[in-house]
Each structure stands twice: as structure tokens, then as C-alpha cells.
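J.: Sharing a structure with you now.
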Amino acid sequence: VLNVGDNFYVEGLGHSCNTPPDDNKGQIYYAFSEGWQKMYGPLAKIPWLSVLGNHDYGGYLFSKGWPQQIGFSFLNHNWIMPARYFMKRMKHSNFVVDYFMLDSNAWDAKEPGENPQHNICSKHNYGNTASCANNGGMASVEGCRQWFWSSYGVQKNWVEGKMAKSDATWKVIVTHFPCGYDGSWYKGLKEKYGLDLLVTGHRHQQELWWPGTKSKYVRDFMNKNQWDESAPACFVTGGGGGIISQKFTYADYGWDLLWYGFFHLTISKSQMNIELVDIDGKVKGNYTIFPQKKPATTTTMPEPEPQPAAQAGGYGSSSDYGYGQQSAGATQSRGYGGYGGYSDALEQAQSTQSGGYGYTDYGQQTAAAQAQSTQGAGYGGYSSYNQQTAATQSTQTGGYGGYSNY
């Protein structure tokens, strides 16, 4: 399942973003049980690749329990959100899909006095925690907007570097803010690196964006945002965590545009069929795309400057909280409490800590890589959650046993 965010509507989890990711685990388990497992039943027993929406930060706040949503990835392995952004490779019998999970909520991050009802960084944060610094997040209301936009810039460099090197049959981005936002950048990703599909949310309805759409609402939106054949295929699937559909009075709901429903993807090596399905199981939109097949390149993309990855609590992470951008070679990411540092080094990476969760290279480990994740208490270190090589080792001395090749 591809999950585009706003997972806990309307104000996210009731935890503080400044408390440890495993703070009050009973409350976390209860929230996910009620809002995810009971809601979706058997579907919650398969992997969900998930991102954060603006309401997961708190809607017009940034101080709600978004670190706890990330932390739940280590309590239930079907909830896959190990960071604010990450990459997941899915291998099928004769083709590969690379999913790039991004946090695009910078589009709702404004100066404190702007648009108070639609602003993560609004003045409503005054009097609340107003800092998520313990978990690598924004340190103040005044610095909130810059934190989001700086992170978004890091993500864009990161995804371009990953896509340039990707040899996957299909390249898909999953993010919260809907089709039309940042259109020129997505067009560039399609042209340069072969981005095939953009999966989005935010608006509480279902929209299929394709050149032959029968919906005037969708067509007008596409024209307004210059979303033509040079842009990747895109759809909006919103309202999963919301309370009601938006139901715009001027919109022509029907084909390619629904109040409620979902999208179904049928993927093979040669084509991907995108279906919009209504609540009665009837197909109300259909579009088939073909892989762009842009060759992988060995060109080195600009990466953020490596920064010391150490802190006294929370996520012991990285140059940007969310996914550690560290140079290849012998790298080390340490956290002395909570989650013990994310490292994205493709050569020799080590993630250690004295308590909580240890974690090294969530996505893929190269054959030459040797990753070690150790700790003295709590849950065992996760080493290469997706793919494990013969040279990889995951050990611990207490709590749950280390996971290797989950």
C-alpha cells in the first residue's frame, strides 16, 4: 500500500514532537490500532510505504507526535516510515520498482503570522512545545519555515542523486502535496531520470491526472499548472485519514474525479495500469503508462555536506533529520538515547547507541558493504532492513534479538 499522509486527522498523534519516539508506547499502539489496524483490517497486515502529511505535524502546528509515527516503524514492520524521507526498492520476478518517499510539507510552512489556519509554522505554536529539537526537528517557531524549506532542498538533491543511479524498471515518487505543486521539478525528473509516476494526497478526493481526462475540473487544474505530456503521470488520493470528502460544488465528479474511492495499480515489466475505483468497486478512471527507461548514470550528483551526527537524545541522526546523508567510506552515526542514527553510506557504515533502536541503511546494502548495528539495551539493531548481504552483521546484547534480512 502506498500511503500519502494525513495519517491521523486532524492534529496528528497527541504526543509532543520533543519527547522520545517511543514515549508512552501504549498510547501509540492504541492510536494505530484504532486509526489504522481496525480501520483497514487485513490490509494493515501487508506493508504500507508511508509519508507524513501536514496534519501529522499538527495541521496548523508542528509540535504533534510525528516522531512517534516514524518510531512505530520499529514496533510494527508493516508500517514503513523509518524517516521523513527514504527510498524503498521492490523486486519482482522480472522487474524492479524504486519508490522514493518524500516530505513535501514545506508547501504548508509559512511565516508565523501568515494564513493561520493553513500554516504548520503558525503563531498557534506559541504556548505549545514550540520546539522539536530533541528529535532533530525545528528548534523554534521563528525557525520553522526555514527548517522545512532547507530540508526540502536536501531531499531534492538526494532524490536526484538516487534516481540518477537507479537502474529500476519503474521510478515512483510518493509524497503528500498534490499534483501541480513543483511541476517544473517533476518534469525535470521525468526528462532526466525517467520518473514514471507521482502519487500524492492532501486534497480530500480522488483525481486522475492524464492528458485525455474527461473531467473539466481535472483538465482545468492541469492547464493552470501546465501539467502536460512532459510531466509524469500523477494522481491525488486524499481523505484516507480525513473525516469527509471536500465535495467542491463546482467540480464535475464522476469520471477521473470522485469523492471517495482508491487507486489500484497493476504493474508489469512493460506497462502499468492505473485504475480509479469508487466505493462500489466500479472503475471510474483508467490510464496505462509505459516505463521511461532512462539509463542509470555514474555521474556524481551534489550531496549535502556531511555533518556530525550526534545528539544527547531522540534520533541520533544525520545531516538532516530524516535520512542521514553521509559520505561513502567509514562513517559513523551515534545517538545516546532513543533511535540510534540513520546512515545512508553505501560502503562501510556503522550505527551504534547505548539504548533504544540501532539502525543502519534502511534501503539497500551493497555487496561490498559491511554494516554493523549494536546496542546494549532495548530492541536489537536493525541492519539493512530490506536486503542483507553475506558480509552484513547485526548484533545486540539485550532486549529483542537483532534483525537481519527482515
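J.: Given the criterion over 18 Å from L13 (Cα atoms) and more than 17 Å from the chain's Cα centre (by Cα), identify the matching residue among N94, N78, N125.
T.: Working: N78 fails: more than 17 Å from the chain's Cα centre (by Cα); N125 fails: over 18 Å from L13 (Cα atoms).
Just a single option satisfies the conditions, and that option is N94.
J.: Shifting gears a bit: Condition test on D22, is it in contact with a Phe, Trp or Tyr (Cβ under 9 Å, 6 or more places away or on another chain), crowded, with 22+ Cβ neighbours inside 10 Å and not β-branched (V, I, T)? Give the derivation first.
T.: Working: in contact with a Phe, Trp or Tyr (Cβ under 9 Å, 6 or more places away or on another chain): yes; crowded, with 22+ Cβ neighbours inside 10 Å: no; not β-branched (V, I, T): yes.
Considered against the rule, which asks whether it is in contact with a Phe, Trp or Tyr (Cβ under 9 Å, 6 or more places away or on another chain), crowded, with 22+ Cβ neighbours inside 10 Å and not β-branched (V, I, T), D22 comes out as no.
J.: Which condition breaks for W107 when tested against (1) at pLDDT 95 or above; (2) outside any helix (DSSP H, G or I)?
T.: Answer for W107: the failing condition is (2).
J.: Let me ask another. With (1) of a type outside the set (V, I, T); (2) out of contact with any strand residue (DSSP E or B) (no Cβ under 7 Å at 6 or more places or on another chain); (3) under 25 Å from F235 (Cβ atoms) as the list, and H77 as the residue in question, which single condition is left unmet?
T.: Going through the list (1) of a type outside the set (V, I, T); (2) out of contact with any strand residue (DSSP E or B) (no Cβ under 7 Å at 6 or more places or on another chain); (3) under 25 Å from F235 (Cβ atoms), H77 breaks only (3).
J.: In region 1-52, what residues are under 15 Å from Q68 (Cα atoms) and assigned to a helix (DSSP H, G or I)?
T.: Within region 1-52, K25, G26, Q27, I28, Y29, Y30, A31, F32, S33, G35, W36 qualify.
J.: Still on this structure, I have one more. Is one or more of the residues making up region 209-221 within 23 Å of the chain's Cα centre (by Cα), within 18 Å of M272 (Cβ to Cβ) and open to solvent by less than 60 Å² (accessible area, probe 1.4 Å)?
T.: From region 209-221, those within 23 Å of the chain's Cα centre (by Cα) are 209; that's our starting set.
Retained after the next criterion (residues that are within 18 Å of M272 (Cβ to Cβ)): 209.
Pick out the ones that are also open to solvent by less than 60 Å² (accessible area, probe 1.4 Å) and you get 209.
Within region 209-221, one or more residues are within 23 Å of the chain's Cα centre (by Cα), within 18 Å of M272 (Cβ to Cβ) and open to solvent by less than 60 Å² (accessible area, probe 1.4 Å).
J.: Could you figure out which of (1) outside any helix (DSSP H, G or I); (2) touching a Ser or Thr at 6+ places or on another chain (Cβ under 8 Å); (3) open to solvent by 10 Å² or more (accessible area, probe 1.4 Å) isn't true of Q117?
T.: With respect to (1) outside any helix (DSSP H, G or I); (2) touching a Ser or Thr at 6+ places or on another chain (Cβ under 8 Å); (3) open to solvent by 10 Å² or more (accessible area, probe 1.4 Å), Q117 is out only on (2).
J.: Can you name every residue in region 64-82 that is in contact with a helix residue (DSSP H, G or I) (Cβ under 7 Å, 6 or more places away or on another chain), over 30 Å from S268 (Cβ atoms) and open to solvent by less than 10 Å² (accessible area, probe 1.4 Å)?
T.: Within region 64-82, W66, P67, Q68, Q69, F72 qualify.
J.: Moving on. Go through region 265-290 and report how many residues are over 18 Å from Q205 (Cα atoms), open to solvent by less than 20 Å² (accessible area, probe 1.4 Å) and small (G, A, S).
T.: Residues meeting the conditions: 0.
J.: Report, by residue number, each residue of region 144-166 that is open to solvent by 30 Å² or more (accessible area, probe 1.4 Å) and under 18 Å from S63 (Cβ atoms).
T.: Within region 144-166, R145, Q146, W147 qualify.
J.: Hey, another quick one. Output yes when any residue across region 95-110 is open to solvent by 10 Å² or more (accessible area, probe 1.4 Å) and touching a Cys at 6+ places or on another chain (Cβ under 8 Å), and no when none is.
T.: For region 95-110, residues open to solvent by 10 Å² or more (accessible area, probe 1.4 Å) and touching a Cys at 6+ places or on another chain (Cβ under 8 Å): present.
J.: Select from region 184-201 the residues that are of a type in the set (G, A, S) and open to solvent by 10 Å² or more (accessible area, probe 1.4 Å) and write down the one among them that is nearest to K269 (Cα to Cα). Let's see the steps before the verdict.
T.: Of all residues in region 184-201, those of a type in the set (G, A, S) come to 184, 188, 194, 201.
Remaining after also requiring open to solvent by 10 Å² or more (accessible area, probe 1.4 Å): 184, 188.
On the way: S184: 27, G188: 23 Å.
Once the filter is applied, the top-ranked residue is G188.
J.: Okay, next question. Test of understanding: among T169, T175, which residue is in contact with a Phe, Trp or Tyr (Cβ under 9 Å, 6 or more places away or on another chain), within 30 Å of K293 (Cβ to Cβ), open to solvent by less than 10 Å² (accessible area, probe 1.4 Å) and hydroxyl-bearing (S, T, Y)? If you could, list the steps in order and put the result at the bottom.
T.: Values: T169 fails: open to solvent by less than 10 Å² (accessible area, probe 1.4 Å).
On inspection, the qualifying residue turns out to be T175.
The values are calculated or read from the model by the stated rules, or taken from the named source; none is laboratory data. Fair warning: this is a prediction, and the values are worked out from it, not measured in the lab. Heads up, the Cβs are rebuilt from the backbone with ideal geometry, glycines too, and the neighbour counts pull from every protein chain shown. With ligands, DNA and RNA removed, areas are computed over all heavy atoms of the protein, side chains included. Shrake-Rupley method; radii C 1.70, N 1.55, O 1.52, S 1.80 Å.
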